[in-house]
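Take a look at the structure below.
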Amino acid sequence: MDDKKYWIGFSLVKGVGSVRLRKLAEYFGDLELAWNATLPDLIAAGATKKVIENLITIKKTIDLDTFIDGLGKKQINYLFSDCTNYPKNLSEIEQHPPVLYFKGTLLESDLLSIGIVGTRKITYYGKQVTDELSTRLAQHGVTVVSGLARGVDAVAHQAAVRAKGRTIAVLGSGVDVIYPPEHKTLAKQIEENGAILSDYPPGTQPDRINFPPRNRIISGLSRGVVVVEAGEKSGALITADFAADQGREVFAVPGPIYSPQSVGPNALLSNGANIYTGVADIFDFLKVNQQSEPQKRIHHFDGLELALMEQIGNAPVHIDDICANSGIPVDKAMAYLTILELNGHINQVGVMNYVLNKTLG
């Protein structure tokens, strides 16, 4: 561990990424020597003035042994790129992160994984596609990888959690700094059967420049990436570019030509991306047997639940209309609708509008 703690030490130094860290290791032959090197030696090794200043600051303010003890107290795990349990998919890409921090578990089965990415301004169409795709993948043992952002990312993670499958969220911050903050509960749910992961050290705050490198890890962890909806300059398109560079398959969901959210996927399709027409496309790519349907949970509906379900179909219906047509008071209806949604029988789209969950049909 003595040598490894210096890997962690350098991960705290802003400006030291995988390339620079490996150059330091090659030059000094030992990261402990690099950590304790003199100013002239660091300059000779190619370290910039800013990196050296950052290194000096970290060495003055942080005791590595104390920092590592703190990771354990926060239940934050870490992996090095030469560890046998380092994610295999990620290890195959160039300049893969030398240190990963995570909460939850990383399993060998995560080798079978698909990235699902897209806009934060998700439409009803995008939510339907994302929910169905993520649910079906999770039910068949495929790990869903995304970035915990609002919109497509959140729907993908939520659907996998609801299906009791595995999902990995890659952050553009430390794993102890959940962004956006309203996803803290979702992050805890992901930890229970998956992982919150980052190559940024704990305590790192979200920053615009952190997200493109984060997207590179999403694609690196995945066998393929599906872009559901994305604007013309969406970060999801950056993920797709990384995926293509890494030799991953890129799938794009076709959408209405007048929808701003479909500009990105439609452009990807015109440039040769695989068209996504349904979950079967991904199962065929992964060679997953989709014929063996997972066993569905048996739920015995009571009278009120049945009365509410009768009012809900494939088109969104507002709670006011549900109550007016069923005769059930709003306060009671809200309680039962929440239970039905938690059990995965219906989905809320927009504000207090409900549709049946098609993935259960």
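No lab work stands behind these numbers, since they all come straight from the coordinates. A quick note: this is a predicted structure, and the numbers were derived from the prediction, not measured. In this analysis, Cβ positions are derived from the backbone assuming ideal geometry, glycine residues included, and neighbour counts consider all displayed protein chains.
Helix 235-245: angle to the longest alpha-carbon principal axis of the chain, degrees 0 to 90, nearest 10?
Once rounded, one gets 60 degrees.
Please compute the modelled spin-label separation between GLU108 and GLU182, points set 7 Å along Cα→Cβ, answer in nm with one decimal.
4.1
Here are some pairs, LYS74/LYS127; LYS23/LYS184; LYS23/LYS60; LYS49/LYS88; LYS88/LYS164; which of them have Cα atoms lying more than 29 Å apart in this structure? All intermediate terms of the calculation are to be shown ahead of the outcome.
Details: LYS74/LYS127 34 Å; LYS23/LYS184 37 Å; LYS23/LYS60 23 Å; LYS49/LYS88 35 Å; LYS88/LYS164 23 Å.
Exceeds cut-off: LYS74/LYS127; LYS23/LYS184; LYS49/LYS88.
When a footprinting reagent is the concern and you count Cβ atoms within 10 Å, what order do TYR124, TYR200 take, fewest first? Walk me through the numbers before you get to the answer.
Working: TYR124 14, TYR200 24.
Final ranking by Cβ density, sparse to dense: TYR124, TYR200.
Which shape class applies to the stretch 198-276: rounded if a/c is under 1.5, otherwise prolate when a/b exceeds b/c and oblate if not, where a ≥ b ≥ c are the square roots of the Cα gyration tensor eigenvalues?
Values: a/c = 2.99, a/b = 1.62, b/c = 1.85.
Verdict is oblate for the stretch 198-276.
Tell me the mean residue ellipticity at 222 nm calculated for the chain from its helices only (DSSP H runs of n ≥ 4, each -39500 (n - 2.57), averaged over every residue, nearest 500). Display every interim value, and only then the final one.
On the way: 17 runs with 159 residues, N = 361.
Here the helix-only value at 222 nm equals -12500 deg cm²/dmol.
What is the sum of charges, Lys and Arg at +1 and Asp and Glu at -1, for the other residues whose Cβ falls under 14 Å from the Cβ of GLY303?
On the way: positive: LYS332; negative: ASP302, GLU305, GLU310.
That works out to -2.
How much of the pair distance distribution for the stretch 182-227 lies past 13 Å, counting alpha-carbon pairs only, in percent? Could you put the intermediate results ahead of the total?
Values: 694 of 1035 pairs.
Across the stretch 182-227, Cα pairs with separations above 13 Å total 67 percent.
What length, rounded to one decimal in nm, is gained on full extension from CYS83 through to LEU306, with 0.36 nm per residue of separation minus their alpha-carbon distance?
On the way: separation 223, 0.36 × 223 = 80.28 nm, distance 5.24 nm.
This chain segment gains 75.0 nm when fully extended.
Using amide H atoms built 1.01 Å from N in the peptide plane, name the residues 5+ places from VAL145, or on other chains, whose amide H lies under 5 Å from its own.
Under 5 Å from the amide H of VAL145: ILE114, GLY115, ILE116, ILE168.
Pop out the ³J(HN,Hα) list for the stretch 171-176 in order, Karplus 6.51 cos²θ - 1.76 cosθ + 1.60 with θ = phi - 60°, rounded to Hz; leave Gly and Pro as x.
Each residue of the stretch 171-176 in turn: 9, x, 8, x, 5, 9 Hz.
Hey, could you grab the Kirkwood Rh for the stretch 303-360? Inverse mean 1/r over distinct alpha carbon pairs, Å, one decimal. Mind dumping the intermediate values first?
Values: mean 1/r = 0.0911 Å⁻¹.
The Cα-based Kirkwood calculation yields 11.0 Å.
From the phi of every residue in the stretch 304-312, what ³J(HN,Hα) in whole Hz does the Karplus formula 6.51 cos²θ - 1.76 cosθ + 1.60 yield, where θ is phi - 60° and glycine or proline is x?
Calculated HN-Hα couplings, in order: 5, 4, 4, 5, 6, 4, 5, 8, 10 Hz.
What's the extension gain from ILE257 to ASP65 if we count 0.36 nm per residue and subtract their Cα-Cα distance?
Details: separation 192, 0.36 × 192 = 69.12 nm, distance 5.59 nm.
Stretched fully, the ILE257-ASP65 segment lengthens by 63.5 nm.
Taking only Cα atoms and a 10 Å spring cutoff, compute GNM fluctuations for the chain and point out the largest among LEU148, LEU39, LEU106.
Between LEU148, LEU39, LEU106, it is LEU39 that shows the largest mean-square fluctuation.
Which ³J(HN,Hα) values, rounded to whole Hz and listed in residue order, are derived for the stretch 26-36 from phi using the Karplus coefficients 6.51, -1.76 and 1.60 in 6.51 cos²θ - 1.76 cosθ + 1.60 with θ = phi - 60°, glycine and proline given as x?
Result, ordered by residue: 5, 5, 8, x, 6, 6, 5, 5, 5, 4, 9 Hz.
Mean-square fluctuation check for the chain, GNM, Cα pairs under 10 Å: which of ARG150, ARG208, ARG216 is largest?
Highest fluctuation of the listed residues: ARG208.
Arrange the following residues from fewest to most other Cβ atoms within 10 Å of their Cβ: ASP41, ASP320.
Details: ASP41 14, ASP320 11.
Lowest to highest Cβ neighbour count: ASP320, ASP41.
If I model a spin label at HIS318 and GLN95 as a point 7 Å from the Cα along the Cα→Cβ vector, what separation in nanometres do I get?
Placing both labels 7 Å beyond Cα along the Cβ direction yields 5.2 nm.
Using Stokes-Einstein with the Kirkwood hydrodynamic radius over Cα pairs, what translational diffusion coefficient do you get for the stretch 108-286 at 25 °C and a viscosity of 0.890 mPa s, in µm²/s rounded to a whole number?
Details: Rh = 15.6 Å.
Answer, rounded: 157 µm²/s.
Near THR119, within a Cβ-to-Cβ distance under 14 Å, what is the net charge of the other residues, with Lys and Arg +1 and Asp and Glu -1? Could you put the intermediate results ahead of the total?
Working: positive: ARG120, LYS121, LYS127, ARG150, LYS233; negative: ASP153, GLU229, GLU232.
So the environment of THR119 carries a net charge of +2.
Net charge near GLY151, counting Lys/Arg +1 and Asp/Glu -1 over other residues with Cβ under 13 Å of its Cβ?
Details: positive: ARG120, LYS121, LYS127, ARG150; negative: ASP131, ASP153, GLU182, GLU229.
Summing Lys and Arg as +1 and Asp and Glu as -1 gives 0.
Looking at the chain from every direction and averaging, what is the projected area of its Cα convex hull in nm²? It would help to have the intermediate numbers written out before the result.
Working: hull surface 80.7 nm².
Answer in nm², one decimal: 20.2.
Magnitude of the Cβ-charge dipole of the chain, K/R +1 and D/E -1, about the Cα centre, nearest 20 debye?
Roughly 440 debye for the chain.
Amide H of GLY255 versus every other amide H placed in the peptide plane: which residues, excluding those fewer than 5 positions away on the same chain, fall under 5 Å?
ASN266
Springs between alpha-carbon pairs under 10 angstrom, Gaussian network model over the chain: which of ALA187, ALA195, ALA324 fluctuates most?
ALA324
Please report the antiparallel percentage of the DSSP beta bridges confined to the chain, to the nearest 5.
Numbers: 13 of 33 bridges.
The answer is about 40 percent antiparallel.
Sort TYR86, TYR6 so the one with the fewest other Cβ atoms within 10 Å of its own Cβ comes first.
Working: TYR86 17, TYR6 20.
Ranked by crowding around the Cβ, least crowded first: TYR86, TYR6.
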